[in-house]
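Step one of this worksheet: look at the structure below.
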Amino acid sequence: MQSAISIRFNGPSKDKNTDFGAANEDLEIAKNGNSRAKWGSGMEFLMSCVAFSVGFGNVWRFPYTAYENGGGAFLIPYLVVLFIIGKPFYYMEMILGQFSSRSCVEIWSVSPAFKGIGFGVTVAVFSITTYYCALMALTLFYLLSSFQSVLPWATCREEWGDTCYSSSGVSNATSNSPQSSSAELFFLNVVLNETDDISNGIGTPSWRLVLCLAGSWLAVILVLSRGMKSAGKASYFLALFPYTMMIVLLVRAVTLPGAINGIVFLYKPIWTKIFEPQVWYAAVTQAFFSLGVCFGAVTMYASYNDFRHNVKRDCTIVTTLDLFTSLLAGTTIFGILGNLAYELGSDDISTVVRSGTGLAFISYPDALAKFTVVPQLFAVLFFLMLFVLGVGTAVAVSNVLISVIMDQFPSSVHWMVALGVGIVGFLFGTIYCTPGGQYILNLIDYFGGTFILVCLACFEVVGISWIYGVDNFLDDIEFMTGKRPSFYWRFCWGLLTPLMLFTILIYFLINITPLVYNDVEYPTSAYAAGWALLFFGIVQFPAWAMITGLQNRDKPWSDIFKPTAEWGPKDPETKRKWEEFKEIKRLIRERKLNTVGEKFWAVLVGR
């Protein structure tokens, strides 16, 4: 018995004749009747992850967040958070999806009491999907507007009065009252037709934005229509094209007068910021939403992988590329903003910096209008890049919803589910096309996106690391990949990641303040709607725990925290080998470890 254990302890052999070999396993899985759709190649999976993770958060969220939280000094907490939370969480979700070949709901057969996390994530992802395509609609509106002979935001309109000055540099303002650029007024008055508050309602949708919203959803549905086959092929374009555009824009940006001032302004470190808790919270949220962890998309994409695919390599590539893209985008954006300040004769770059959508739809267009050489070309390149980035992310989050539905109703037809998700998402998205749409978008993003996902992420890592157990999780990875994860992964999953997530959540709850939009408070009804959405997302966790308990009331209550018979590899033969492997691991641990302290240390050091 001892010799058998010592021989088989090394994990899956690469020899095709051994019990744990995987040479013919992909063929076995493909032949199995219950098999899940597969990527055409491992590169399609990697490109899809890149297209998902690299999005709006890199282009306009990271530059402003970095500028607001210490410039170059922000990179230190951001890198720390990336390596303690972002990368370990990303790899964990990849492993869960690939190992189980299931969606973000069905993976919780690993611990049924936590199944509600999957449904809560689905609520959050649906909320995000509706407004993400609305942001794409704004991008599409600007893209189409960029083909005009004169950029429509470059000059003032008569109805804007004397408080407007032309973004193209030709000012017709004569008043001493506060002034706004034509780019800003075009965005607020023409594109959004934004209202001062929503106390009296949000108004009726703009037909132009509704058409752009329909066009955005059409692009997403076309990619989704044939499942992984079409999404996989499209992933190459969705992942690589934005980089081509970004490099072109970067070259143009750094050659503009004053560009270096903007870049230095962004990365000039304010070291005292590192000691402010708010900066660390900003780093966590930026890493979270830039990578897209806890969105269910990483798990969903990985579930279509071959069982033995090397996801560790892909995790390293995606997380590194995501950071690189954020720095690239920040350099490009602030290089152009430096030129904008130069053209305005200002030494203070902060006067031309806007937060959120304002950076993409006010500051950047304002700078483009001052280009003397074919500004339309660079406007088209920029907004086309943004639109393609948006499609890549929207395809992923929409696929999360589709995979959840398909897993719950396996007989459903994929293209019909995709069309249904698109239609429902479009109808909800028209809310954001109203004069009060940006107020609602801000509200949904805060309560339906950020708040829900940060809370559920804490319990997701607890469910895997502390309930299922790091040692069990490491066994699964070793069986699947043939190599046990290093101390770095074990220490993060077992201790650092959950503790830091809970610390950030507690800080967030202690310092919570009423949400505002452009310094305008929401009416009580809006706050009530936001808290109701938050409650609906969070309550999924305890509600499904109770439902699972009632469904298993004839068993010990602790059983709802234990893996069900469905947990494990989906292929029957692979699952049989895994069960044998797990039993050997269990026997080894029992023989070597006697005390709780020894077991805890073994989890951390990987014995």
Per-selection Kirkwood Rh - the chain (Cα, Å, 1 d.p.)
25.5 Å
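Expressed in whole Å with the largest first, what are the equivalent ellipsoid semi-axes of region 342-459 derived from the C-alpha gyration tensor as the square root of 5 times each eigenvalue? Each step should come with its number before you reach the end.
Values: eigenvalues 269, 75, 36 Å².
Sorted largest first and rounded, they come to 37, 19, 13 Å.
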What's the whole-number percent of alpha carbon pairs in region 201-273 lying beyond 20 angstrom?
64 percent
Along the Cα-to-Cβ line of Ile467, 7 Å from the Cα, sits a label point; which residues in region 103-119 have backbone N less than 15 Å from it?
104-119
Rounded to a whole %, the carbon-and-sulfur portion of the accessible area of region 448-495 at a 1.4 Å probe is 68 percent
Rounded to 10°, Cα long-axis angle of helix 87-100 versus longest principal axis of the chain
50 degrees
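Give me the number: length gained by fully extending Val248 to Arg553, i.e. 0.36 nm times residue separation minus the C-alpha to C-alpha distance, one decimal in nm. The partial results should precede the final answer.
Working: separation 305, 0.36 × 305 = 109.80 nm, distance 6.22 nm.
Full extension of this stretch gives 103.6 nm more.
Can you work out the FRET efficiency for the pair Ser411 and Val373, with r the C-beta to C-beta distance and R0 = 51 Å, to the nearest 0.05? Write out the running numbers ahead of the final one.
Details: r = 57 Å, r/R0 = 1.13.
It comes out at approximately 0.35.
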Which far-off residues, 5 or more places away or on another chain, put their amide H under 5 Å from the one on Ser180, with H placed in the peptide plane?
Cys164, Tyr165
Leaving ligands, DNA and RNA out of it, report the carbon-plus-sulfur percent of the accessible area of region 26-142 at a 1.4 Å probe.
61 percent
Go through region 226-237 residue by residue and turn each phi into a ³J(HN,Hα) via Karplus (6.51, -1.76, 1.60, θ = phi - 60°); whole Hz please, and just put x for glycine and proline.
10, x, 5, 4, 7, 5, x, 5, 5, 4, 4, 5
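Under 8 Å for C-alpha pairs, at least 6 residues apart: give me the relative contact order for the chain, rounded to a whole percent.
Values: 951 pairs, mean separation 190.7, N = 607.
Relative contact order, the chain: 31 percent.
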At a 10 angstrom cut-off on C-beta neighbours, averaged per residue, how do the peptides 136-149, 87-100 rank from highest to lowest?
87-100, 136-149
Karplus-derived 3J(HN,Hα), 6.51/-1.76/1.60, for each residue of region 495-506, Hz, glycine and proline x:
9, 4, 4, x, 5, 5, 4, 5, 4, 5, 4, 4
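Work through the residues other than Met43 whose Cβ is under 15 Å from its Cβ and net out their charges, Lys, Arg +1 and Asp, Glu -1.
Working: positive: Lys38, Lys229, Lys233, Arg313; negative: Glu44, Asp306, Asp314.
The answer is +1.
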Out of Val311, Ser346, Gly330 - ranked by how far each Cα lies towards the positive end of the dipole of region 306-353, with unit charges on the beta-carbon of charged residues - the top one is Val311
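Only four residue types carry charge here, +1 at the Cβ of Lys and Arg and -1 at the Cβ of Asp and Glu. Report the dipole size of the chain about the Cα centre in Debye, rounded to the nearest 20. Please list the in-between numbers first.
Values: 41 positive and 43 negative charges, 425 e Å.
Charge dipole of the chain: 2040 debye, to the nearest 20.
Just to confirm the filter: which trypsin sites (Lys or Arg not before Pro) across region 64-161 are DSSP coil and have at most 16 other Cβ within 10 angstrom of their Cβ?
Working: sites: Arg102, Lys115, Arg157; in loops: Arg102, Arg157.
The qualifying sites are Arg157.
Can you give me the accessible area per residue for the chain, using a 1.4 Å probe, in Å²? Show your work: numbers first, answer last.
On the way: 24800 Å² over 607 residues.
Averaged over the residues of the chain, the accessible area is 41 Å².
With charges set only on the Cβ (+1 for Lys and Arg, -1 for Asp and Glu), what does the dipole of region 247-369 come to about its Cα centre, in debye to the nearest 20?
Details: 7 positive and 8 negative charges, 71 e Å.
For region 247-369, the charge dipole is close to 340 debye.
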Once phi for every residue in region 355-360 is put through the Karplus expression 6.51 cos²θ - 1.76 cosθ + 1.60 (θ = phi - 60°), the whole-Hz ³J(HN,Hα) values, with Gly and Pro written as x, are 8, x, 5, x, 5, 7
For Thr434, which sequence-distant residues (separation of 5 or more, or a different chain) have an amide H within less than 5 Å of its own amide H, given hydrogens modelled in the peptide plane?
Ser206
From the residues Ser199, Asn69, Pro242, which one has its Cα farthest along the dipole of the chain in the positive direction, the dipole being from +1 and -1 charges on Cβ of Lys/Arg and Asp/Glu about the Cα centre?
Pro242
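The values are calculated or read from the model by the stated rules, or taken from the named source; none is laboratory data. Just so we're clear, the structure is a prediction, and the values are computed from it rather than from any experiment. When we count neighbours, we look across all protein chains shown, and the Cβ atoms used for this are built from the backbone with ideal geometry, even at glycine. The area values use the complete protein model at the heavy-atom level, side chains included, leaving out ligands, DNA and RNA. Shrake-Rupley method; radii C 1.70, N 1.55, O 1.52, S 1.80 Å.
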